[in-house]
Each structure stands twice: as structure tokens, then as C-alpha cells.
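Read the structure below first, then the notes.
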Amino acid sequence: MQFQGQILKMTSFDAQPIQYYLNLSGDLIHMNELFGKELRIKHTGFQCVNCGENKPVYRMGFCKNCFFESPYASDTIIRPELSTAHLGVAERDLEVEKQIQLQPHTVYLAYTGDVKVGVTRNSQIPTRWIDQGATFALPIARTENRYEAGMIEVALKQHLPDKTNWKKMLQDDFEGEVDLADFQQKIRQYFPEDFQKFYSEGENIWKFDYPFEKPAKVMSFTLDKKPEFTGKLTGIKGQYLSFAGGDFINVRGHEGYVIELEVKN
Ligand SMILES: [Zn+2]
């Protein structure tokens, strides 16, 4: 079997285990069916997720020009606390920013090898947590917009990480329970005064089951360094494909790359 197209982040469905689909130019390839098979991945070009041109990806699937101009790649995507759409103030394109920012958001704790804090649009639950490779996740605040969630996150990240350590996430084979509810109680005091009203107590803890077993070692490669790669697919966690021998590729980190994918028996 052979496929080709532009990489977008994998689509996932929360099941036991989680089901993953590689998205190549909109064609969805069910990856769970390919475990144990040898895959050959060849980088053949680029297709910017915004303008569609064959220009090198700069960040997040965008070419350099689009990364600095598109409202879908603005600073508030990475730093929600900078949001200003609720004030009617534009960053790059107010109408787009209103759509992104003026909708319900959730501040959460997730366990990805460490307990971290993060922010997501409600529409991205539970996808956001699966993309990060979280084993557990717990909503701790519900807000009306992105700015409010960002302000809570900024206060909490003084006390715990807000980034996923991918190596720790892939090396983690935690079997027990992490008491995120207890963690939530302990950090409540760090909520800014004006934002206590968004605190949400007693929500269900989400638990995720990945089609993945921790390898003996973890090495990540990119298509920049290895434009052609062949390996036996063994599992998936977060947005990482896991290959026999401990090789990993971060699919989301290759959005906008155009590849050929060959599935050998
Ligand atoms: Zn572009």
C-alpha cells in the first residue's frame, strides 16, 4: 500500500485503546491496523497549512510568512493570557480572534510524566489531552473566554510546569493513580483573586489508554535530519509514532510536510 500527501496532526478517538488515524491531505489512515508492519516514510516537499505553497515549514505547519501574518499563528495561540478579543482589540484579525478566543475554555491538570497545567477550548476536549500523551487529566476551572483561562494558567505555572517533557511522557509507564484532585486542592490558593469564581470542583478525572508500550530507549528523529526512514511501527502515544528499536517521530511536529508513505507487509 502506498499513500502520499500533506501531514496534519493525527486524528484520534478515545477508546480502549485510543484509535489513531494519520491524516495525509485529508485521507485518514487507520494506524492501529498497521502495528507490526514496516513503514517507509519519505519526505518529498512542503505544503504550508495556511497558503498551501511548497515553502519550508517554519513553525506549526506554517511557512515563515504565514507564521508571522496569519491570525491562526498569533502569539495568543501559544500565550492565551495575551488575548484581547474580549476588549474588542485586534492582534492580527479581530473577527478570527473573536471566534477563537470568545468561547468557553478549560484550565486543566494533566499527567504526562509530570503534573502540568494547561488551557484548552472546550471543543478540543479530550483531543488536546490525547495529543499531549496525558495518562490522566482533570478540568480545574471553566471560563467564558481564552483570556480568563490564560490568566489562571499564568498564575499556576509559577508553581508547576506548563510544557510536556516528551521524553518523560514516552518513558513513563506509570501504573498507579495520580491524585489530580488532591493536586487541585493544593494549588487552589494560587488562583488569582479575581479568577477564583471560575474554580471548578469535583469534576471527573479522565484516564487514557494508549496503544503503546514503553521501549527500552527513546530517540526522536525529524524528517529534516532523516528525509527517508524505514521502521516497524509498534505503537502510538500522544502524537508520537513508536518504531521498533526506540525510534519516534512527532507527527504533529511535521504538519505541512509532504510525504510518501509505503506500508510493507
Ligand atoms: Zn504559507
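Coordinate-derived values only; no laboratory data. Note that this is a predicted model, so its numbers are computed, not measured. Heads up, the Cβs are rebuilt from the backbone with ideal geometry, glycines too, and the neighbour counts pull from every protein chain shown.
For segment 104-207, what does the equivalent ellipsoid look like in terms of its semi-axes, each the square root of 5 times an eigenvalue of the Cα gyration tensor, given largest first in whole Å? Intermediate values should be presented prior to the final figure.
Numbers: eigenvalues 91, 40, 32 Å².
Equivalent-ellipsoid dimensions as semi-axes: 21, 14, 13 Å.
Pick out which of 43, 105, 159 has the largest mean-square fluctuation in a Gaussian network model of the chain, springs linking Cα atoms closer than 10 Å.
Of 43, 105, 159, the most mobile in the Gaussian network model is 159.
How do the peptides 177-184, 148-155 rank, highest first, by the average count of neighbouring beta carbon atoms within 10 Å per residue? Intermediate values should be presented prior to the final figure.
Values: 177-184: 15.8, 148-155: 22.0.
The peptides rank, most packed first, as 148-155, 177-184.
Taking one equal scatterer on every alpha-carbon of the chain, how large is log10 of I(q)/I(0) by Debye at q = 0.07, 0.08, 0.11, 0.13 1/Å?
Values returned for q = 0.07, 0.08, 0.11, 0.13 Å⁻¹ are -0.27, -0.35, -0.66, -0.91.
Would you mind giving the three semi-axes, in whole Å and largest first, of the ellipsoid equivalent to segment 31-95 according to its Cα gyration tensor? The partial results should precede the final answer.
Working: eigenvalues 223, 55, 14 Å².
Listed largest to smallest, the semi-axes of segment 31-95 are 33, 17, 8 Å.
Once you have the alpha carbon radius of gyration of segment 137-180, what is it after dividing by 2.2 N^0.38 Å, with N set to its residue count? Provide the component values of the computation, followed by the final result.
Values: Rg = 13.4 Å, N = 44, 2.2 N^0.38 = 9.3 Å.
Compactness ratio reported: 1.45.
Report the Cα-based extents of segment 170-228 along its three principal axes, largest first, to the nearest Å.
On the principal axes, segment 170-228 reaches 52, 29, 16 Å in Cα extent.
Rounded to the nearest 500 deg cm²/dmol, what is the calculated helix-only ellipticity per residue at 222 nm for the chain, with -39500 (n - 2.57) per DSSP H run of length n ≥ 4? Mind showing how you got there, number by number?
Working: 7 runs with 49 residues, N = 265.
Value at 222 nm, helices only: -4500 deg cm²/dmol.
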